[in-house]
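The values are calculated or read from the model by the stated rules, or taken from the named source; none is laboratory data. These numbers were taken from a predicted model, which means no experiment stands behind them. Cβ sites come from the backbone with ideal geometry, for glycine too, and all protein chains shown count toward neighbours. The area values use the complete protein model at the heavy-atom level, side chains included, leaving out ligands, DNA and RNA. Shrake-Rupley method; radii C 1.70, N 1.55, O 1.52, S 1.80 Å.
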Amino acid sequence: MFRFSPLLLCCFLLFSCAEKEVETKGIIVGFSQIGAESAWRNCNTRSVQEAAADAGIQLVFFNAEQKQENQIKAIRSFIAYQVDVIAFVPIVSDGWENVLEEASEAGIPVLICDREINVEDESLYAGYLGTNAIQEGRSSAEYLLKAFSDSETGEAADRKRPVRIVELRGTEGSSPAIKRAEGFREVLAGNPGFEIIYSASGDFLRSKGYELMCSILEDLDDIDVIYSHNDGMTLGALDAMKERGIKPGGDIIIVTIDAEQAAIDALKRGEVNCVVECNPKQGPDIMSLALRLARGESIPRVIYMNEEVFTEWDDLSSLAPRGY
Ligand code: GZL
């Protein structure tokens with residue numbers, strides 16, 4: 001006899017009483033979200049929940065509070081509940097084979113959302129919808145190549161020393177942290193004009209971005225660039241710089257990823273120089289793909305969200321509010 005946790009049971013009761021005539025015949029999607037670590041993540045959650053309601057899909061939603069073991073428990077609950085589709089954001093890339101094999105044996109299709117996984121047998125999941133983290137890293141480095149080039153010739157500006165870069169990485173072992181680092185290094189590889197002098201994980205958290213920046217500013221000199229894997233950490237780093245009279249965006253170039261409103265506002269104020277968008281509004285696409293899977297249809301293996309790059313050189317006056 002499978003016993004549901006009280007929280008999970010109330011999720012089921014909440015949604016099972018949602019009597020809503022739907023052409024989707026009450027398709028049930030089990031969704032495991034990693035947590036609420038950033039404004040980006042909260043927008044991602046809202047997008048999923050609103051899209052499920054709009055599509056008339058019963059959503060069994062479970063917040064893992066940043067723990068992979070909670071995600072694995074949730075997926076096992078979804079299997080026991082015999083949902084039609086399982087969708088989840090893998091907090092880290094490794095460690096999913098066993099639970100995905102259980103879902104496969106139960107005949108439940110799995111959609112990977114936002115972050116990617118490493119599995120030998122890729123048939124264990126139906127497809128991936130999310131952000132192209134390697135491209136986000138490349139775009140971040142491409143901005144630096146342009147920012148430190150001669151405006152006339154476009155060639156690398158003549159400098160007495162390499163551009164010294166500090167990197168604030170996201171959650172260790174997560175695909176965005178791994179791939180944003182990879183794409184960034186790919187573009188700068190072999191270029192003696194740039195040097196990554198320090199790299200550490202701030203776990204995508206504003207508080208850790210602040211703490212990291214405080215210690216970095218104590219220990220390191222001549223920092224030219226902060227490359228941060230998300231706006232949350234960037235905002236914390238900005239606080240630390242301003243407390244010490246350092247002008248972010250001027251004394252130190254700031255490149256950040258997500259494009260939450262606070263980062264766009266900082267770009268407009270000249271405190272940030274480049275914001276690479278990572279689109280959290282994945283809900284409608286997730287539900288559309290889930291409906292196809294529930295009907296037994298196949299879906300594309302990889303679908304990337306549309307994403308832009310905003311820089312200090314852009315006119316942002318007509319940019320719509322970000323919603324996160
Ligand atoms: C990226 C996403 C990351 C965001 C962070 O696809 O998983 O997680 O960049 C969020 O803000 O915490």
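Among the residues of segment 281-304, not a single one is more than 27 Å from GLY56 (Cα to Cα) and either more than 18 Å from the chain's Cα centre (by Cα) or within 13 Å of the ligand (Cβ to nearest atom) (or both). Mind checking whether some residue in segment 89-100 is in contact with a Pro (Cβ under 9 Å, 6 or more places away or on another chain), buried (at least 19 other Cβ atoms within 10 Å of the Cβ) and modelled with pLDDT of 95 or more? There is at least one residue in segment 89-100 that is in contact with a Pro (Cβ under 9 Å, 6 or more places away or on another chain), buried (at least 19 other Cβ atoms within 10 Å of the Cβ) and modelled with pLDDT of 95 or more.
Does segment 47-55 contain at least one residue that is at pLDDT 95 or above and within 16 Å of the ligand (Cβ to nearest atom)?
Here is the first cut: in segment 47-55, the ones at pLDDT 95 or above are 47-55.
This time we only want the ones that are within 16 Å of the ligand (Cβ to nearest atom), so: 47-48.
Yes, some residue in segment 47-55 is at pLDDT 95 or above and within 16 Å of the ligand (Cβ to nearest atom).
For beta carbons closer than 6 Å, sequence separation of 6+ or different chains, a first residue in segment 119-142 that is in contact (Cβ under 8 Å) with a residue 40 or more places away in the chain and a second that is more than 15 Å from the ligand (Cβ to nearest atom) and basic (Lys, Arg), the qualifying pairs are GLY127/ARG301.
Answer yes or no: is there a residue in segment 285-305 that is among the β-branched types (Val, Ile, Thr) and over 30 Å from VAL29 (Cβ atoms). No, every residue in segment 285-305 fails to be among the β-branched types (Val, Ile, Thr) and over 30 Å from VAL29 (Cβ atoms). Of all the listed residues (GLU122, GLU105, GLU69, GLU116), the sole one being acidic (Asp, Glu), within 13 Å of the ligand (Cβ to nearest atom) and open to solvent by 10 Å² or more (accessible area, probe 1.4 Å) is GLU116.
If only residues of segment 290-320 that are open to solvent by less than 50 Å² (accessible area, probe 1.4 Å) and either among the hydroxyl-bearing types (Ser, Thr, Tyr) or touching an Asp or Glu at 6+ places or on another chain (Cβ under 6 Å) (or both) are counted, the one that is nearest to ALA52 (Cα to Cα) is ALA294. Within segment 175-190, being away from the ligand (no atom under 16 Å from the Cβ) and either more than 19 Å from SER139 (Cβ to Cβ) or open to solvent by 50 Å² or more (accessible area, probe 1.4 Å) (or both) holds for ARG185, GLU186, ALA189, GLY190. Checked against (1) within 16 Å of the ligand (Cβ to nearest atom); (2) closer than 22 Å to GLY137 by Cα; (3) assigned to a helix (DSSP H, G or I); (4) touching a strand residue (DSSP E or B) at 6+ places or on another chain (Cβ under 9 Å), ILE254 meets all criteria but (3).
Does segment 237-249 contain at least one residue that is of a type outside the set (S, T, N, Q) and touching a Ser or Thr at 6+ places or on another chain (Cβ under 7 Å)? Yes, some residue in segment 237-249 is of a type outside the set (S, T, N, Q) and touching a Ser or Thr at 6+ places or on another chain (Cβ under 7 Å). Quick check: is even one residue across segment 31-42 more than 13 Å from the ligand (Cβ to nearest atom) and either under 21 Å from GLU260 (Cα atoms) or assigned by TED's automatic domain parsing to the domain that holds ALA259 (or both)? Looking through segment 31-42, none of the residues is more than 13 Å from the ligand (Cβ to nearest atom) and either under 21 Å from GLU260 (Cα atoms) or assigned by TED's automatic domain parsing to the domain that holds ALA259 (or both). Set side by side, the residues GLU142, GLU172 differ, and just one is open to solvent by 60 Å² or more (accessible area, probe 1.4 Å) and away from the ligand (no atom under 16 Å from the Cβ), which is GLU142.
Screening the candidates ILE72, ILE79 for the property of being within 18 Å of ILE34 (Cβ to Cβ), assigned by TED's automatic domain parsing to the domain that holds SER298 and at pLDDT 95 or above yields one hit, ILE72.
Taking residues in segment 102-115 that are closer than 26 Å to GLU277 by Cα, and partners anywhere that are within 16 Å of the ligand (Cβ to nearest atom) and among the polar types (S, T, N, Q), the pairs with Cβ atoms closer than 7 Å and at least 6 places apart or on different chains are CYS113/GLN282; ASP114/ASN44; ASP114/THR131; ASP114/GLN282; ARG115/SER174; ARG115/SER175. Take the residues in segment 42-54 that are open to solvent by 20 Å² or more (accessible area, probe 1.4 Å) and either under 11 Å from GLY30 (Cβ atoms) or touching a residue at least 40 places away in the same chain (Cβ under 8 Å) (or both), then tell me which one is farthest from the chain's Cα centre (by Cα). Applying the filter and picking the extreme gives ASP54.
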